[in-house]
1. Scan the stretch 27-47 for residues that are part of a loop (DSSP other than H, G, I, E, B) and either among the hydroxyl-bearing types (S, T, Y) or within 14 Å of L8 (Cα to Cα) (or both) and report the count.
2. Any residue in the stretch 20-44 that is touching a residue at least 12 places away in the same chain (Cβ under 8 Å) sitting within a Cβ distance under 8 Å of a residue that is exposed (fewer than 10 other Cβ atoms within 10 Å of the Cβ) and of a type in the set (A, V, I, L, M)? List the pairs, counting only those 6 or more apart or interchain.
3. Taking only the stretch 11-26 into account, find how many residues are polar (S, T, N, Q), surrounded by 10 or more Cβ atoms within 10 Å (Cβ to Cβ) and part of a strand (DSSP E or B).
Amino acid sequence: MDDNDFELNALCGSCEGEGHVSVSKVAVIAGVPQSMVISRPCQWCGDNGRRRLRPPV
């Protein structure tokens, strides 16, 4: 096994391994303001729920 092929991964702490984070929004539906939740990809891990660990050298 080559050292360059080895990769350490851990669950993402930002999205808790889901790959998506919930974002609260306010929407006006038929003139009535309501809250709604949308999902967007995690900014730290993309959408796979795992982050690469980069140990110090």
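1. Step one: list which residues in the stretch 27-47 are part of a loop (DSSP other than H, G, I, E, B), which gives 30-31, 43-45, 47.
Cutting the leftovers down to either among the hydroxyl-bearing types (S, T, Y) or within 14 Å of L8 (Cα to Cα) (or both) gives us 45.
Matching residues across the stretch 27-47 total 1.
2. S22/V37; V23/V37; S24/V37; K25/V37; M36/V26
3. Going residue by residue through the stretch 11-26, those that are polar (S, T, N, Q) are 14, 22, 24.
With surrounded by 10 or more Cβ atoms within 10 Å (Cβ to Cβ) added as a condition, the list becomes 14, 22.
Retained after the next criterion (residues that are part of a strand (DSSP E or B)): 22.
Count: 1.
One line per residue, one yes/no per condition, for (1) touching a strand residue (DSSP E or B) at 6+ places or on another chain (Cβ under 8 Å); (2) surrounded by fewer than 10 Cβ atoms within 10 Å (Cβ to Cβ); (3) modelled with pLDDT of 85 or more:
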| position | (1), (2), (3) |
| --- | --- |
| D3 | no, yes, no |
| E7 | yes, yes, no |
| R40 | yes, no, yes |
| W44 | yes, no, yes |
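The values are calculated or read from the model by the stated rules, or taken from the named source; none is laboratory data. Everything numeric in this text was worked out from a predicted model, so none of it was measured. FYI the Cβ positions are ideal-geometry reconstructions off the backbone, even for glycines, and counts take in every protein chain you see.
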